[in-house]
Amino acid sequence: MRSVAPILMLIALVVGAVLLDRPQPVADLTFINRGEVHSLDPQRMSWLQDFRIADAIYEGLVDYDNDTFEIVPGVAQTWEVSPDGLTYTFHLRDTAKWSNGDPVTAEDFAYSWRRALFPDTVAGYADLFFKIKGGRAFFDWRTAQLETFTAQAAPLSGPERLKLAQAMLDEALARYEQTVGIKALDAHTLAVTLEVPTPYMLDLLAFGPFKPVHRPTVEPYVKLDAATGALRQHHGWTKPPHLVSNGPYILAVWRYMRDLRMERNPYYWNARAVKSDSVLCIAVEDANTAVLAYETGTIDWLSDVGVDYRADMLAQKQKYMDRNAARYDELRAQGLGYNEAMAVLAEESPPQPGERNDIHAFAAYGTYFYNFNCQPTLNSGAFNPFKDARIRRAFARAVDKSAIVERVTRMNQPVANVLIPPGSIAGFEGAKGIGYDPAKAREELAGAGWEDRNGDGFIEDASGQLFPTVEILFPSVAEHKSIAQAIAHMWERQLGVKCRLREEETKVQATHLQEHDFMVARGNWYGDYGDPTTFLDLHRTGNSNNDRNYSNPAFDELMDRADRELDPEKRMLLLEQADAMTINEELPLLPLFHQVTLYMYDPAELRNVSTHPRLTQFLWEMEVVK
Amino acid sequence: MTAMLVRRLLQVPLILLVIYTVTFTLAWWLPGNPLDKPEGRRPDPAVQDAMKAQYNLDDPLKFYVSYLDQASGVAWLRGDSRKVFNLGPCLQYEDWSVNELIGGALPVSIVLGMVALVFALAIGLVSGIIGAVRPGSWMDVATLLVALVGISLPSFVIGTALLIVFAVWFEFVHVAHWGSPRDLILPALTLSLPFAAYIARLTRLGMIDVLQSDFIRTARAKGVSETRIVLRHALKVAFLPVLSYLGPAAAYVMTGSFVVEKVFNVPGLGQHFVNSVLNKDLFVIMGIVLTYSTMLVLFNLAVDVMYRWVDPRIQLA
């Protein structure tokens, strides 16, 4: 029976292994996030899905209201702003506690923000902390200091190198204390001084990177590195049972690409506001499987719907809404919000075959656009027609955006003539931008010296030179490809130019964007905070996200003036001027449509989903009623 | 035998070094920045430089040497590292080390692979024997058909079809759920089909051959029952080609189940491997390649040893 032995061994192993692995118990709320969480260290995170979890397990000084996005107290109970708008003094509530029972102190915030301002931490959002007085200068100083380490440490042995690194660190800490405007005045008072008045500072403070970490938990994972002299952050502390947090939930389980489970934080001061006792986030990579998981009831909320499903599901939703249009309008007129109205409708008029009421499209705080390369010449040294604003405007006018959202994406996103989604920022009246007008487009091209002089259907300049072939760069993703094809076709037909599609793997394309190695390229931007600068900064000379390499001293001057302006209203006026300059006249980019986020949930079962464009969903506010 | 084992085991580090070098060269020259977030916001240039320097991503030679040092266990022997094999951090999923990632996912892939192998053997051997005993009968044709389907239909089609039937219609299993024995059945079945088909063909051919040989005729003449002849005498010989196929098949089912893992949302290593290449996550690519190659080399060795144990006539060089 020797030949059967391997098989028997195999079966025994399998049975043993299966018995060892147990599934998670059911949670009050189960959902699929936009992707796997990258990091739960607030100072190092930069992905939407990470921030969503951060909002559930950490609490900042202040918070947003989920519906209005007004600032409400968080750990800070009250605060004052000095008349010059430069100094903020926060008074922390003494009921705020960490999940191990320790009080949350001003020192905790000072420590957490210092982590972000040390280049050693490599915090992705470090530049948001540069608003704080001395922040940028310290960051640069420490970077320069660390650069001298290698040379100084070269002749030294291991322990001596560490001694040198420690000496440098002590020097840096002393300098930080003297120069950076963050001071814990006592256990419950924190004073923050800014570089320039920043009217949206409180908005920033509610954002993920400003949330606190528990110092005694983090410190053991921070070590000086003998090779570089820098402080190295190791990440064991972000995983249960080590993680200590101060928000509505604590992390109970986190398994990579598998699941993340949160349970009520017994020490949270505002426990009454927390609706569900447990939240389970499961990681699903495949878009089909995610939709099936929703359809079969495994999850309550799907926070992103696969491309292949979108258009058809939205059409089914439209059928449902058309049938119930009168009643829906009536409910909304009675003052019900979208979700409440949908919940009533679900009771009164369940969807019929071929209809659905569980897909929801919400306007998001982002815009899909095309970048024009604004450099004097292309990277190859070739002539760049798009350095001329008249040509950029002409190309913008030749794109029929409603045709794209109706027939190409088939999602009916709001057509965009501007970068900043209208109405998304209180007190900001954005410009109108320029729309579809092919006749005007040809006129502008002719004004720039390009018209069809010999009747061959293609435009030439005065010397008879053909317009350079327009190369459109986009990532190798089906939806971007169809949009690129449609736009190329519109330009060819309306303007008499030749277009070439340049499809590249996502990461390769991203590198070429950063290197400005393109003529026209697909682009995308989501705002981070509630101020126009989160969009307008893109156009500043030298900004790390200025893929277009657009540089306009007049624009930079306006933005600098806005930075120095103390009066919030005057500041907004300056920003409106800057916005109008870029979107009515200069067009470094061509907005196509504002982004839409798709969710799947049963409106009768899931409560308190925020419909605000910023789409920061607070998991602790959501509730499943079955 | 022992000398052979020692010699073969000594070759392992050398093979792995070659694989490491080739993979490193290929992965390093993959275009794209591993720290980049294609849809996201780019940090300040100073922060970007600090990020690169932190992981030695600015110097290929430094990266090659320091990674080898950590991953091979040399750093541990020197006392510089607390982990024996430190495969480095994940670049995209910063809170995880490659060791944690492989530690969590590899057992899942191995369990799934083993269950699939058991299924493949069960289905393959049974249908192979039926086919051989009654060649040309309707049962033979039926098993042939199953084998044909198993080999020709891609697993994402079979997997999705099984999901719709058993999870959506009959609600026998949960979608995107992992942890109970029931969750294993569909993915293991999907994964096993191509192997089952191949094993069925191998068994059938071997059996037909053996059933016509002299010693079987002698056994029949002695009055041994037909069942005993097939299961006891013929299968033992016909199983040898299947056994030699099991080595590569085992390595393959445990490592190459990317599509199946994706469709059934199994938290195994295959998904991480493909994602790591898309993310250009150097540490994860290297870590998984090294783990896979170690497994592959050891499996082949194990099969060679087992082969000799089953059939002592075989001499191993």
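The values are calculated or read from the model by the stated rules, or taken from the named source; none is laboratory data. Just so it is clear, the structure is predicted and the values come from calculations on it, not from any experiment. Cβ atoms come from the backbone with ideal geometry, glycine included; neighbour counts cover every protein chain shown. All accessible areas refer to the heavy atoms of the entire protein, side chains included, with ligands and DNA or RNA removed. Shrake-Rupley method; radii C 1.70, N 1.55, O 1.52, S 1.80 Å.
Just to be sure I understand: if you take the accessible area of chain A alone plus chain B alone and subtract the pair, with a 1.4 Å probe, what total do you get in Å², rounded to 100? Buried area (both sides, nearest 100 Å²): 6100 Å². Estimate the FRET efficiency between A:ASP277 and B:SER66 by the formula 1/(1 + (r/R0)^6), using the beta-carbon distance for r and 41 Å for R0, to the nearest 0.05. Efficiency, rounded to the nearest 0.05: 0.35. Once all protein chains are placed together, A:LEU169 keeps about 20 Å² accessible to a 1.4 angstrom probe.
How many percent of the accessible area of the protein assembly as shown is carbon or sulfur, using a 1.4 Å probe?
Values: 23100 of 39470 Å².
Answer for the protein assembly as shown: carbon and sulfur cover 59 percent of the accessible area.
Between the helical axis of B:181-211 and the dominant principal axis of chain B, each derived from Cα atoms, what acute angle in degrees is found, rounded to the nearest 10? Between the helix axis and the principal axis of chain B, the angle is about 50 degrees. Select from segment A:281-321 all residues whose loss of accessible area on going from the chain by itself to the full protein assembly reaches 40 Å² or more (probe 1.4 Å). Correct list: A:GLU285, A:ASP286, A:THR289, A:LEU292, A:THR296, A:THR298. To the nearest ten degrees, helix B:269-279 and the longest principal axis of the Cα atoms of chain B are 40 degrees apart. Sorted largest first by accessible area at a 1.4 angstrom probe radius, with every protein chain in place, the residues B:ARG182, A:ARG161, A:ARG493 fall in the order A:ARG493, B:ARG182, A:ARG161.
Toward the positive end of the charge dipole of chain A, with +1 on the Cβ of Lys and Arg and -1 on the Cβ of Asp and Glu, the farthest Cα among A:TYR249, A:LEU92, A:ASN543 is that of A:TYR249.
Which of the peptides A:197-207, A:599-609 is most tightly packed, and how do the rest follow, judged by the mean count of other Cβ atoms within 10 Å per residue?
Ranking, from highest mean packing down: A:197-207, A:599-609.
Give the separation of the Cα centroids, segment A:376-408 to segment A:451-494, in Å. For segment A:376-408 versus segment A:451-494, the Cα centre distance is 9 Å. Solvent-accessible area of A:GLU177, all protein chains in place: 100 Å² (probe radius 1.4 Å, heavy atoms, ligands and nucleic acids excluded). Compared with the rule-of-thumb size 2.2 N^0.38 Å for a compact globular protein, segment A:55-237 has a Cα radius of gyration ratio of 1.10. Counted over segment B:116-203 with a bin width of 10 Å, the fraction of Cα pairs per bin, in whole percents, is 19, 42, 29, 10, 1. Heavy-atom accessible area for A:MET411, with the other protein chains in place and a 1.4 Å probe, reaches approximately 30 Å². Compute the distance from the alpha-carbon center of segment B:83-142 to that of segment A:36-108, in whole Å. After rounding, the separation between the Cα centres reads 46 Å.
Work out the mean other chain Cβ neighbour count within 10 Å for the residues of B:166-175 and drop it here as an integer.
Taking the mean over all residues of the peptide, I get 3.
For a straight C-alpha distance cut-off of 17 angstrom, the lysines reachable from A:LYS507 (same-chain residues fewer than eight places away being disregarded) are A:LYS481, B:LYS37, B:LYS52, B:LYS280.
Have a look at A:ASN454, A:VAL418, A:GLN514 and report the one farthest towards the positive end of the charge dipole of segment A:366-597, computed about the Cα centre with Cβ charges (Lys/Arg +1, Asp/Glu -1). Farthest towards the positive pole: A:ASN454. For the pair segment A:277-348 / segment A:518-595, the C-alpha centres are spaced 35 Å from each other.
Between A:GLU80 and A:ARG323, the distance separating the two model label sites (each 7 Å from Cα on the Cα→Cβ line) works out to 6.1 nm.
Contact with the other protein chains removes 20 Å² or more of accessible area, compared with the isolated chain and a 1.4 Å probe, from these residues of segment B:117-154: B:VAL118, B:LEU121.
At q = 0.10, 0.15, 0.19 Å⁻¹, what base-10 log of I(q)/I(0) does the Debye formula yield for segment B:108-268 when every alpha carbon is treated as an equal point scatterer in vacuo? Cα-only, vacuum Debye calculation for segment B:108-268: -0.42, -0.80, -1.09.
With all protein chains kept in place, the per residue accessible area of the protein assembly as shown amounts to 42 square angstrom at a probe of 1.4 angstrom. With contacts taken as Cα pairs under 8 Å and at least 6 residues apart, segment A:366-597 reaches a relative contact order of 34 percent.
The mean count of C-beta atoms from other chains within 10 Å of the C-beta of residues in A:522-532, rounded to a whole number, is 1.
Residues of segment A:205-238 buried by at least 30 Å² of accessible area upon assembly of all protein chains, compared with the chain on its own (1.4 Å probe): A:ARG232, A:HIS235.
Which value, in debye to the nearest 20, describes the size of the charge dipole of chain A about its Cα centre when Lys and Arg Cβ atoms bear +1, Asp and Glu Cβ atoms bear -1, and nothing else is charged? If you can, show how the numbers build up before the last one.
Values: 63 positive and 87 negative charges, 236 e Å.
Dipole about the Cα centre, nearest 20: 1140 debye.
Look at the stretch A:502-511: the mean tally of other chain Cβ atoms within 10 Å of its residues' Cβ atoms is 5. Considering only A:ALA151, A:ALA187, A:TRP79, and ranking their Cα positions along the charge dipole of segment A:55-237 that arises from unit charges at the beta-carbon of Lys, Arg, Asp and Glu, the one farthest toward the positive end is A:ALA151.
Quick check: convex hull over the Cα atoms of segment A:366-597, volume per residue in Å³, rounded to an integer? Intermediate values should be presented prior to the final figure.
Numbers: hull volume 28.1 nm³, N = 232.
With only Cα atoms used, segment A:366-597 gives 121 Å³ per residue.
Mean sequence separation of contacting Cα pairs (under 8 Å, at least six apart), scaled by the length of segment A:55-237, corresponds to a relative contact order of 31 percent.
Length, then width, then depth: along the principal axes, the Cα atoms of segment A:289-419 run 64, 37, 23 Å.
At a Förster distance of 51 Å, what's the computed FRET efficiency of B:LEU145 paired with A:LEU501, Cβ-Cβ distance as r, to 0.05?
Working: r = 44 Å, r/R0 = 0.87.
The pair B:LEU145/A:LEU501 has a calculated efficiency of 0.70.
The smallest convex shape that holds all Cα atoms of chain A, its convex hull, gives 236 Å³ per residue.
Determine the gain in length on full extension of the stretch A:ARG175-A:TYR309; use 0.36 nm per residue of separation and subtract their C-alpha separation, reporting nm with one decimal. If you can, show how the numbers build up before the last one.
Details: separation 134, 0.36 × 134 = 48.24 nm, distance 5.54 nm.
Working it through step by step, the gained length comes to 42.7 nm.
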